[in-house]
Amino acid sequence: MAQKITLDDALKLVKNGDHLVAGMAASEGRAFFERLHEVAPIGHVTIDNCLPLKNYPFMVDEAYVNHFTIHSWFFSGDLRKAYTHGNIAYIPNHLHLAGVKRLSHVTPDIYIGNATPPDKHGYVSLSLGNVYEKRMIEAAKTVILEINPNLPRTLGDVEVHVDDIDYLIDVDYPVPELPDLEPNEKDLKIGNHIADLIHDGDTIQLGIGGIPNAVAHALMDKKDLGVHTEMLTTGFMKLYQAGAISNKKKTLHPGKMVAAFALGTKELYDFIDDNPAVMILDGHYVNDPYVIAQNDHQVSINTTLQVDLAGQCASESIGPRQFSGTGGQSDTATGAQKAKGGRSFIALYSTAMVKNESGDRVETSKIVPTLLPGAFVTLSRNDVDHVVTEYGVAELRGTSLSERAERLIAIAHPKFRDELKEEAKRLGYLR
Ligand code: COA
């Protein structure tokens, strides 16, 4: 039976040399991490995390670099900035295998995450996610959960009995939110291009980032959409409330929205609270391409930082600099394409503003002849399907390098098209 302890006592459980694993994103133990730097005098501690949502001192403050090593499956903005300190390393992964593969290498001394208060049967709900959390809880030598009454009680594969938890800490902070931004003009154009290729009855996945969320706005007039997604966002809730999502036509888990984690607004959290229409299942299952493919007409929609003329997508790094993570991009894109009638979309603005060598911000094409040296390929040229910008859709599935170059140049920003054509000739893709 779990024992209630104070945060002070929980911090005393951390020992020199311990390896901690954190819940992902809003499932992390916020109160614990806000004070973890206080254990620095014990020596050195290692932490595995995934998309941490706050700039915790142990993570970002240079004063603690010798006391904390951080390995991360997905960088957040704060980790990105702290990356230069030399104590932070990215763990290459497909999200559905992140926990499984890490456990072949690491046995967590402590799992630290959050959950709802126990129900009358003694079960807490892991609430906002089970990407890898439940298997880490099962594997960890000590399990500490922050019990937060503000968390929604979700259903699916998120229940853990208090007998399987070592320590509970009572907390009462607001649940971290991701704002639901209004789409801009470019988002709307991209959303409409994709909406033209999405049919009533399709099952959809929307990835992390501004564009996939904006695409939801363009799908409001659809009917009988289904949801099988890694990340459940506010956009899905709005589509459901607008009557665009019914989940009735799904061939896997009909009637249910399936996700591995949720991140959005308070309205989303109220919506998923005790809602049998939403199932939060194990990320190892949800994101397995062979599971995804069991949804007929599965459509995946993700975004990227750079696409080269061969169709390689560098979605997680700018050159060798780790920006975010592979997450479920490859899982969902390949899974969708294996599905009967399935399709995958990589949507991006045609340009980005970047700093040049003199430090001025200049506009650059995100469709490039070759990726920046050292860039990591998130979605390979063999797995890319549709690429979409505000200028249209390039269908790359089954195409040759010359067909790809032509199609991608046609959706690049007009002011970069001539330059791209010249480069495509130089590379031997075009005559
Ligand atoms: N070169 C240099 N900088 C670039 C760039 C490029 N080609 N493309 C974008 N940027 C800059 C932008 O200008 C922006 O800079 P700013 O923060 O100074 O404004 C920054 O990078 C972020 O770009 P943006 O497009 O706004 O990012 P986003 O928050 O929408 O996230 C990804 C986009 C690609 C990073 C994110 O979707 C991702 O990590 N994807 C991989 C994982 C994934 O797809 N998972 C799917 C399953 S959940």
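Tabulated values for the structure
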{"item": "Tally, over the range 175-184, of residues that are touching a residue at least 40 places away in the same chain (Cβ under 8 Å) and loosely packed, with under 14 Cβ neighbours inside 10 Å", "result": "1"}
{"item": "Flag for P92 being out of contact with any Ser or Thr (no Cβ under 6 Å at 6 or more places or on another chain), over 22 Å from G264 (Cα atoms) and touching a residue at least 60 places away in the same chain (Cβ under 8 Å)", "result": "yes"}
{"item": "Residue selected from the range 198-212 under the condition within 12 Å of the ligand (Cβ to nearest atom) and open to solvent by 30 Å² or more (accessible area, probe 1.4 Å), by the criterion modelled with the highest pLDDT", "result": "I208"}
{"item": "Unmet criterion (only one of (1) out of contact with any Ser or Thr (no Cβ under 7 Å at 6 or more places or on another chain); (2) crowded, with 24+ Cβ neighbours inside 10 Å; (3) within 21 Å of H94 (Cβ to Cβ)) for L309", "result": "(3)"}
{"item": "Residue match in the range 349-359 (condition: within 13 Å of the ligand (Cβ to nearest atom), farther than 27 Å from Y83 by Cα and open to solvent by less than 10 Å² (accessible area, probe 1.4 Å))", "result": "yes"}
{"item": "Residue within the range 327-335 that is of a type outside the set (V, I, T), touching a Cys at 6+ places or on another chain (Cβ under 9 Å), at pLDDT 95 or above and surrounded by fewer than 18 Cβ atoms within 10 Å (Cβ to Cβ) present", "result": "no"}
{"item": "Subset of the range 74-107 that is part of a helix (DSSP H, G or I) and of a type in the set (A, V, I, L, M, F, W, C) - its residue that is surrounded by the most Cβ atoms within 10 Å (Cβ to Cβ)", "result": "L95"}
{"item": "Residue match in the range 318-334 (condition: touching a helix residue (DSSP H, G or I) at 6+ places or on another chain (Cβ under 8 Å) and away from the ligand (no atom under 16 Å from the Cβ))", "result": "no"}
{"item": "Strands (runs of 3 or more DSSP E) completely within the range 294-368 that count 1 or more residues being touching a residue at least 60 places away in the same chain (Cβ under 8 Å), under 16 Å from G210 (Cα atoms) and in the same structural domain as I190 (by TED's automatic domain parsing)", "result": "298-303, 306-308, 343-347, 351-355"}
{"item": "Conditions (1) open to solvent by less than 10 Å² (accessible area, probe 1.4 Å); (2) farther than 28 Å from T378 by Cα; number of the one not met by D274", "result": "(1)"}
{"item": "Candidate set from the range 4-21 (those that are closer than 15 Å to K141 by Cβ and part of a strand (DSSP E or B)); member that is most open to solvent (accessible area, probe 1.4 Å)", "result": "H19"}
{"item": "Filter result (over 30 Å from S27 (Cα atoms) and in contact with a helix residue (DSSP H, G or I) (Cβ under 8 Å, 6 or more places away or on another chain)) within the range 192-220", "result": "I194, A195"}
{"item": "Index of the failed condition, L309 passing every other in (1) in contact with an Asp or Glu (Cβ under 8 Å, 6 or more places away or on another chain); (2) under 30 Å from G201 (Cα atoms); (3) more than 13 Å from the ligand (Cβ to nearest atom)", "result": "(2)"}
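To keep it simple, each residue is scored yes or no on (1) modelled with pLDDT of 95 or more; (2) within 16 Å of the ligand (Cβ to nearest atom); (3) closer than 23 Å to H105 by Cα.
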residue: L13; (1), (2), (3): yes, no, yes
residue: H19; (1), (2), (3): yes, no, yes
residue: V39; (1), (2), (3): yes, no, no
residue: I47; (1), (2), (3): yes, no, yes
residue: F74; (1), (2), (3): yes, yes, yes
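The values are calculated or read from the model by the stated rules, or taken from the named source; none is laboratory data. Everything numeric in this text was worked out from a predicted model, so none of it was measured. Cβ atoms come from the backbone with ideal geometry, glycine included; neighbour counts cover every protein chain shown. The protein model used for the area step is the full one, side chains on, heavy atoms only, and it has no ligands, DNA or RNA in it. Shrake-Rupley method; radii C 1.70, N 1.55, O 1.52, S 1.80 Å.
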